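Enquirer: Below: one structure in structure tokens.
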Amino acid sequence: MKTPKRQFILSLFLIVVVVFVGTFGYFFIEQWSLFDSLYMTITTITTVGYMEIHPLSDRGRLFTMFLIVFGVGTILYTLNNAARIVVEGQIQEIFGRRKLEKKIKGLKDHYIVCGYGRMGKVICKELKEKKARFVVVEKEPLPTVTFDEDMLFVWGDATKDEILKEAGIERAKGLISVLSTDAENLYVVLSARVLNSEMNIVARAGDEGSEQKLLRAGADRVVSPYHIGGLRIAHTMLQPAVVDFIEFATRSGNIDLQMEEIYVQEGSGIIGKTLDECGIGRELGIIIVAIKRSGGDMQFNPTFRTTVKAGDILIALGERSKLMVLEDLTGKP
């Protein structure tokens, strides 16, 4: 089935053919000049109705009638296709926007990423790898940036409350602000904390003095790419094996080894048991690197006698398939 755009292109081609046939028809039948033949053809198929340039012969009149029928029909066909493209394009835009709004309204416990620059693209790629639900807020589509059609975008200024509400901030689990300036990130953090006091907020800081301001504004964590990048380069030079191990354990898509945080929910069967009794290391081959207690305390390198409690977050290292088994044991939905 031909789309309206393909039909429109076809109709334009037919117009060219009609003009070509009409011009050379008058040229050969009436022996007119090419310019006079072209002028007569255009005035005929557009139904302008100017008088004939030269008197027509009977054959010329017969050809003109033929040209009127097919030429005017082709023009009307082209206009009809053009109107369909405009109308259907507007309808698709309206229904596409409504479909997007419906998808976003159906989201709950999702993440909002403000800014789709170099950092934003990396963050979205990682969230997508983890199959996390998220919405991207970006001011406007840039011609130099390729956007993933599978992701949900809200076009607008992330510093405005109505745009954040459109992204479903009241139902969101977390927000990541990686806009180009610290001032914009500060505005986003302030607005987000007011609109959703329970959500987790992570913001990007460019200048050294911005970190404390963002924390006071309501950010739970502030990340400085330059600081982290500098440390990473230094550690890569001084401790390359350690950096290689961390990259190997945290790289997305690595099926051999992954480091995950696993939340122990109320009602889990391993609550009150020691790590040895759970069989996490012995049966699953998973290493518990640390346990973050519900009160916020972090216990590093727990022993096999350490008891698992409700609300704990297990920092686990192991194969992805085994980590999924542990997630089931902890009652993670």
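The values are calculated or read from the model by the stated rules, or taken from the named source; none is laboratory data. None of these values were measured; they are calculated from a predicted model. Note that we place each Cβ from the backbone using ideal geometry, even for glycine, and neighbour counts take in every protein chain shown.
Enquirer: How about segment 266-310: which of its residues are of a type in the set (S, T, N, Q) and loosely packed, with under 13 Cβ neighbours inside 10 Å?
Expert: Scanning segment 266-310 gives Ser294, Asn301, Thr303.
Enquirer: If you don't mind, another one. Does Ile255 qualify as being outside any helix (DSSP H, G or I), within 27 Å of Val308 (Cα to Cα), β-branched (Val, Ile, Thr) and at pLDDT below 85?
Expert: yes
Enquirer: Quick one: how many residues across segment 113-128 are touching a residue at least 40 places away in the same chain (Cβ under 8 Å), of a type outside the set (Lys, Arg) and either more than 13 Å from Asn185 (Cα to Cα) or in a helix (DSSP H, G or I) (or both)?
Expert: Summing the residues that are touching a residue at least 40 places away in the same chain (Cβ under 8 Å), of a type outside the set (Lys, Arg) and either more than 13 Å from Asn185 (Cα to Cα) or in a helix (DSSP H, G or I) (or both) in segment 113-128 gives 5.
Enquirer: Looking at Tyr111, Tyr77, Tyr116, which is the one that is surrounded by 15 or more Cβ atoms within 10 Å (Cβ to Cβ) and at pLDDT below 85? So that I can check it myself, show each step before the final result.
Expert: Values: Tyr111 fails: at pLDDT below 85; Tyr116 fails: at pLDDT below 85.
Of the residues listed, the single one that is surrounded by 15 or more Cβ atoms within 10 Å (Cβ to Cβ) and at pLDDT below 85 is Tyr77.
Enquirer: I'd like the full set of residues that are touching a strand residue (DSSP E or B) at 6+ places or on another chain (Cβ under 6 Å) and either modelled with pLDDT under 85 or farther than 19 Å from Ile246 by Cα (or both), limited to segment 299-316.
Expert: Gln299, Pro302, Arg305, Thr307, Asp312, Ile313
Enquirer: Could you please tell me which pairs satisfy a Cβ distance under 8 Å, a separation of 6+ or placement on different chains, a first residue in segment 210-239 that is without any contact (Cβ under 8 Å) to a residue 12 or more places away in the chain, and a second residue that is surrounded by fewer than 13 Cβ atoms within 10 Å (Cβ to Cβ) and assigned to a helix (DSSP H, G or I)?
Expert: His235/Val242
Enquirer: How about segment 133-150: which of its residues are under 15 Å from Ile104 (Cβ atoms) and at pLDDT 80 or above?
Expert: Arg133, Phe134, Val135, Val136, Val137, Glu138
Enquirer: Determine which single condition Asp244 fails, assuming it passes every other condition in (1) part of a helix (DSSP H, G or I); (2) touching a strand residue (DSSP E or B) at 6+ places or on another chain (Cβ under 9 Å); (3) acidic (Asp, Glu).
Expert: (2)
Enquirer: Now, a different point. Return the only residue of Glu101, Glu184, Glu162, Glu208 being assigned to a loop (DSSP other than H, G, I, E, B) and either of a type in the set (Asp, Glu) or not assigned by TED's automatic domain parsing to the domain that holds Arg320 (or both).
Expert: Of the residues listed, the single one that is assigned to a loop (DSSP other than H, G, I, E, B) and either of a type in the set (Asp, Glu) or not assigned by TED's automatic domain parsing to the domain that holds Arg320 (or both) is Glu208.
Enquirer: Restricting attention to segment 40-61, does a residue exist that is modelled with pLDDT of 85 or more and aromatic (Phe, Trp, Tyr)?
Expert: No, segment 40-61 has no match at all.
Enquirer: Regarding segment 191-202, can at least one residue be identified that is of a type in the set (A, V, I, L, M), surrounded by 16 or more Cβ atoms within 10 Å (Cβ to Cβ), assigned by TED's automatic domain parsing to the domain that holds Leu164 and over 23 Å from the mean Cα position of the chain (by Cα)?
Expert: The answer is no, given that none of the residues of segment 191-202 is of a type in the set (A, V, I, L, M), surrounded by 16 or more Cβ atoms within 10 Å (Cβ to Cβ), assigned by TED's automatic domain parsing to the domain that holds Leu164 and over 23 Å from the mean Cα position of the chain (by Cα).
Enquirer: Check Ala290, Ala234 and return the single one that is assigned to a helix (DSSP H, G or I) and among the aliphatic types (A, V, I, L, M).
Expert: Ala234
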